[in-house]
1. If you check 131, 110, 125, which single one turns out to be at positive phi and out of contact with any helix residue (DSSP H, G or I) (no Cβ under 8 Å at 6 or more places or on another chain)?
2. Among the residues of region 13-21, is any within 18 Å of the chain's Cα centre (by Cα), in contact (Cβ under 8 Å) with a residue 24 or more places away in the chain and under 28 Å from residue 251 (Cβ atoms)?
3. Output the residue which, of all residues in region 201-253 that are modelled with pLDDT under 90 and within 24 Å of residue 95 (Cβ to Cβ), is nearest to the chain's Cα centre (by Cα).
4. Determine if region 176-196 includes at least one residue that is touching a residue at least 12 places away in the same chain (Cβ under 8 Å), out of contact with any strand residue (DSSP E or B) (no Cβ under 9 Å at 6 or more places or on another chain) and under 26 Å from residue 111 (Cα atoms).
5. Could you check region 58-87 and list, in sequence order, the residues that are out of contact with any strand residue (DSSP E or B) (no Cβ under 9 Å at 6 or more places or on another chain) and closer than 23 Å to residue 105 by Cα?
6. From (1) surrounded by fewer than 22 Cβ atoms within 10 Å (Cβ to Cβ); (2) in contact (Cβ under 8 Å) with a residue 60 or more places away in the chain; (3) closer than 21 Å to residue 38 by Cα; (4) under 19 Å from the mean Cα position of the chain (by Cα), pick out the condition that doesn't hold for residue 117.
7. In the list 9, 45, which residue meets the criterion of being closer than 21 Å to residue 250 by Cα, at pLDDT below 95 and part of a helix (DSSP H, G or I)?
8. Got a number for residues in region 125-146 being crowded, with 22+ Cβ neighbours inside 10 Å and in a loop (DSSP other than H, G, I, E, B)?
């Protein structure tokens with residue numbers, strides 16, 4: 001797994017927060033909950049609304065908002081690997097809490113019910129459940145009508161989480177927002193491919209397919225020195241900077 005301190009220094013999120021004036025929260029797993037210190041996204045009791053790990057993270061967010069007087073209309077969430085899957089779980093359970101969400105090398109919500117099925121889904125691609133990928137989210141979100149903008153990121157050379165899972169994630173959130181698959185726009189860049197879908201009310205789902213990326217978070221190629229974290233990978237696109245642009249987190253005056 002990747003620990004918050006090495007991920008933070010390698011990705012420069014704290015520097016960006018300082019430059020742009022936003023509060024940064026890193027939830028950290030306990031060994032008592034998961035021996036690998038990964039979020040237990042595959043365990044139903046950990047991702048049920050107002051229970052387990054999703055409740056714990058929700059409480060951390062609430063405390064950060066109280067302590068720092070944060071504008072609750074400007075809360076964003078990003079997660080890598082197990083964190084990407086947990087991001088999906090948090091959005092499914094608390095859709096109105098977030099203005100934007102980035103799921104990086106993650107898994108669709110409701111794709112597994114235990115560790116063994118999770119490993120199979122990660123390796124070979126999650127199987128679509130009866131009723132489609134929208135159903136697991138609809139079962140916990142009820143009659144929610146407000147959703148954050150969704151960005152899904154995956155490396156074409158990811159050998160830990162099969163890129164097929166990114167397609168399943170896309171299908172899940174397109175289903176939730178009731179957007180047709182064939183309604184998207186496709187752009188090709190030096191780093192790979194960007195596909196974007198837009199709902200009539202303006203919410204978007206985007207898939208960043210980074211062709212030469214393994215299992216990790218892409219950062220820019222300058223400087224070319226090692227990032228200091230095996231899951232933060234030099235790339236032709238910088239995810240942190242792209243999120244700053246998408247979420248309009250501009251430099252402080």
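The values are calculated or read from the model by the stated rules, or taken from the named source; none is laboratory data. As the structure is a computational prediction, the values presented were derived from the model and not from experiment. Every residue, glycine as well, gets a Cβ built from its backbone with ideal geometry; the counts of neighbours run over all protein chains shown.
1. Going through 131, 110, 125 in turn, the sole match is 131.
2. yes
3. Per the criteria, the residue is 203.
4. Scanning region 176-196, I find at least one residue that is touching a residue at least 12 places away in the same chain (Cβ under 8 Å), out of contact with any strand residue (DSSP E or B) (no Cβ under 9 Å at 6 or more places or on another chain) and under 26 Å from residue 111 (Cα atoms), so the answer is yes.
5. The answer is 58, 82.
6. (4)
7. Answer to the check: 9.
8. The qualifying residues number 2.
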